[in-house]
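The values are calculated or read from the model by the stated rules, or taken from the named source; none is laboratory data. If you're wondering where the values come from, they're calculated on a predicted model, not measured in any experiment. As a convention, Cβ positions derive from the backbone with ideal geometry for all residues, glycine included, and neighbour counts pool all protein chains shown. For the accessible areas, the whole protein counts, side chains as well, though only heavy atoms, and no ligand, DNA or RNA atoms are used. Shrake-Rupley method; radii C 1.70, N 1.55, O 1.52, S 1.80 Å.
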Amino acid sequence: MFMAALVKKVIVIGLDAPIAERVYMYAKRGDLPNIKRLLDEGVYAENCIVPFPTITPPNWTSIVTGARIGTHGIPSFNIHRPGDPLDKLYQAFDSSDCKAEYIWNAAERVGKKTILLNYPSTWPPTMKNGYQIGGMGLNINEWRINVPVGRIRISLADAQLFSTEPYPLANQIEFKRASEWKNLPSAKNPLEAELKLVYRNALYKVEGVTWHLLVLDNEEGKYDRIIVSRSKDADDKLFELRVGEWTKNIVEEFKTEKGPVKAVFKCKLIELSEDAKKFRLYISPICALSGWSYPESLAEEIWSDEGLPMPLSGAFRPLGLGWIDIETFKELIEFHNVWLADAASYLLKNKDWDLFFMHNHVPDSMYHFFATRMDPATAKSPEEAKFWQDVELSLYQSIDRMIGKIISAADKDTLIIIVSDHGAKATTKKFSIFKILRDKGFLAFKDGEDIDEALRKTPKFDWSRTKAFPCPPCCYIRINLKGRDPNGIVEPEDYERVREEIINALYDYTDPETGKKPIRLALRREDARILGLYGDHVGDIVFAVGGDFMGQHGPHLPTDKWGIGSQKGLLIMKGPGIKKNYVLKRTVELIDIVPTICYLMDLPIPRDAEGGIIYQALENPNYKIEETEKLRKEYEELKRRYELLEQVIESESHLSHDRPAY
């Protein structure tokens, strides 16, 4: 007899920055049928409290280590490494910065295999026997390791637009009469132009490529279709389109400084007027088909007929620049989600695995883009709020379809978890820690005292007059301490006094326009341990901002709620041993997920895990105690029978020795 694990496998689907209450609302009313099924058959945590700060890298790391930020050492979106100048920061996506053990490394100790799909801050891979897609940014083909703070790199090229009109950052072209073409289709007055590809934000150098565009008119002399060709031969065409049409996925090989790289992309003819004066051709990010997997050959196995392994900058930025309309934007989001669904489905069906973790960044990107226009408290009109709420729902429905395809690979022994790293809200009143520190004499700029002008460019600080520096984008202030920091000016004996003065300045500040105080909390590092913040990577002062100020998330407390937004996390669990159609009222922390998985799967606990098991989500929290007691009784009964058998055998042995011989 043995005690079998309740759960054989686990699927964890991470959604970045959803507003949990809105997902729950949409699902319960039937707009998100796959999430609704999980709710009906599982548990929803009403009070899922995420770590502070409410931001991506540290919180996703807490989910898969079970460790607090002070323990795993990823403090925010950016990381300051001790000994560096205070303004030298790195994006926190390098797995080597994580000091805690991941659950997949603990699971490997007992022979379990993990699949990671687009899970942030996990590259380079730390697994030996698992499978990993992405992890070096927020999306596939997006790189944030060894990339300047606030920037991204795309494996080959970000989205681009060719247009006859001067759109921002677009490639403006002019048509002329087509000439010297081979195999020219029938047309009265064909036009042509060269399309010289631009490799904006490229990770490495790519050799220039020029495509050739034909604009064709019909029998009535109205332009209604285009051909894009590799050369001035229409038979060498890449694609042919009419207005509103997308190409299928196109795979081309590009010459780069790293050698030839195969890549996939799509194109859409957004606009072509009948007189050809208005023309817009959108080209999606050119997405490398390799370089983002472990084992390296794994990427070659992943293919999606409709989806694209594309960074979300290829959808949100073009919409913001006016390149594309809202329907094209929705289609791009669908391509992104379809690729994740297809990649997950392939891996789950074709690889040996026990744990699966993935991440989808769409909610975070969408709320950064339009949460302010969506919230009735900040929208310009009820009509604007309604429009963007409809867009919000359509993107969640795309995510719901992705979830449906992924969980279709699960069997009855699989635990399914939907979780987020934090929530989001509308952008509210502008507020700058830099301004408070500058005005109170703790910080100085070299280029004059106009703070807005200084921060619009790369600011230069006068370290000879700077006593403290706020580490963007979140909640830390570092003292410029002599003997510790390269440009330190604060004497060690003045350290506590300067911290106290800064904390008082933060609490004293009142916004002159609203009369409100932005600072909800300001603590010394030692006192911030109550928030799970400690260690060298955390600032000397930790502060939190109220929801009336600043952007979508980050310096806001996990319990903050403003307008229709909230910073609380989303947590849904469904599977063996989990209660059904149950709303969990108790406080749940993200660090509780790993211990709960390990408890249900009989896995070793990662060495640094600090969370607890979510017993109240279990149908029978005493299952293991009861099973252990049952096994103990069975053992005692087996032992008793064995002892009786030994007595019988011993008795028969004595009888055989005492029997007289004949």
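A few comments on the model shown:
- Leading residue at positive end of dipole, the chain (Cβ point charges), from Ala107, Gly441, Pro168: Gly441
- With the whole protein complex present, Arg525 retains an accessible surface near 50 Å², based on a 1.4 Å probe.
- Here the contact order of the chain, divided by its residue count and restricted to Cα pairs under 8 Å and six or more residues apart, works out to 24 percent.
- Karplus 3J(HN,Hα) series, Hz, for segment 41-51 with 6.51 cos²θ - 1.76 cosθ + 1.60 (x for Gly, Pro): 9, x, 10, 10, 8, 6, 10, 8, 9, 8, x
- Among beta bridges that DSSP assigns inside the chain, antiparallel share in %, nearest 5: 65 percent
- Note that segment 602-615 has calculated 3J(HN,Hα) couplings of 6, 9, x, 6, x, 4, 10, 4, 10, x, x, 6, 7, 4 Hz, one per residue in order, obtained from phi through the Karplus relation 6.51 cos²θ - 1.76 cosθ + 1.60 (θ = phi - 60°); glycine and proline are x.
- Of the trypsin sites (Lys or Arg not before Pro) found in segment 564-653, those in coil by DSSP whose Cβ has at most 16 other Cβ atoms within 10 Å are Lys580, Arg607.
- Unit charges at the beta carbon, dipole of segment 526-568: most positive-side option, Gly546, Ile530, Ile564: Ile564
- For segment 340-426, the set of trypsin sites (Lys or Arg not before Pro) satisfying both a DSSP loop assignment and a count of at most 14 other C-beta atoms within 10 Å is given as Lys351, Lys380, Lys412.
- Between Glu650 and Lys630, the FRET efficiency estimated from the beta carbon spacing at R0 = 51 angstrom works out to 0.95.
- Here's the list of lysines a cross-link from Lys28 could span, going by alpha-carbon distance under 25 Å and ignoring same-chain residues fewer than 8 apart: Lys36, Lys330, Lys386, Lys405, Lys412, Lys425, Lys561, Lys568, Lys574, Lys579, Lys580, Lys585.
- Here's the picture: charge each Lys and Arg Cβ at +1 and each Asp and Glu Cβ at -1 in the chain, and of Trp292, Phe254, Phe469 the one pushed furthest to the positive end of that dipole is Phe469.
- Peptide packing: for 336-346, 132-142, the average count of neighbouring Cβ atoms within 10 Å per residue gives the ranking 132-142, 336-346, highest mean first.
- Label-point separation, Asp224 to Tyr204 (7 Å along Cα→Cβ), nm: 4.6 nm
- Using only side-chain charges placed at the Cβ, +1 for Lys and Arg and -1 for Asp and Glu, the dipole size of the chain relative to its Cα centre rounds to 520 debye.
- For Glu589, nonlocal amide neighbours, meaning residues 5 or more places apart or on other chains whose placed amide H falls under 5 Å from its own, are Ile49.
- Filtered trypsin sites (Lys or Arg not before Pro), segment 160-264: DSSP coil and at most 16 other beta carbons within 10 Å: Lys188, Arg200, Lys205, Lys222, Arg230, Arg242, Lys248, Lys258
- To the nearest 10, the accessible area of Glu240 is 80 Å² with a 1.4 Å probe.
- Note on segment 460-507: with charges restricted to the Cβ of Lys and Arg (+1) and Asp and Glu (-1), its dipole about the Cα centre is near 220 debye.
- The HN-Hα couplings worked out from phi for segment 431-439 by the Karplus form 6.51 cos²θ - 1.76 cosθ + 1.60 (θ = phi - 60°) are 8, 10, 5, 4, 5, 4, 5, 5, 5 Hz, whole numbers, x standing for Gly and Pro.
- Solitary cysteines of the chain, where the nearest other Cys Cβ is not under 4.7 Å: Cys48, Cys98, Cys267, Cys287, Cys471, Cys598
- Note on Glu257: accessible area approximately 120 square angstrom, rounded to 10, probe 1.4 Å, nucleic acids and ligands left out.
- With R₀ set to 41 Å, the beta-carbon distance separating Arg242 from Asn350 gives a calculated FRET efficiency near 0.65.
- By accessible area, using a 1.4 Å probe on protein heavy atoms only, the chain has 50% of its surface on carbon and sulfur.
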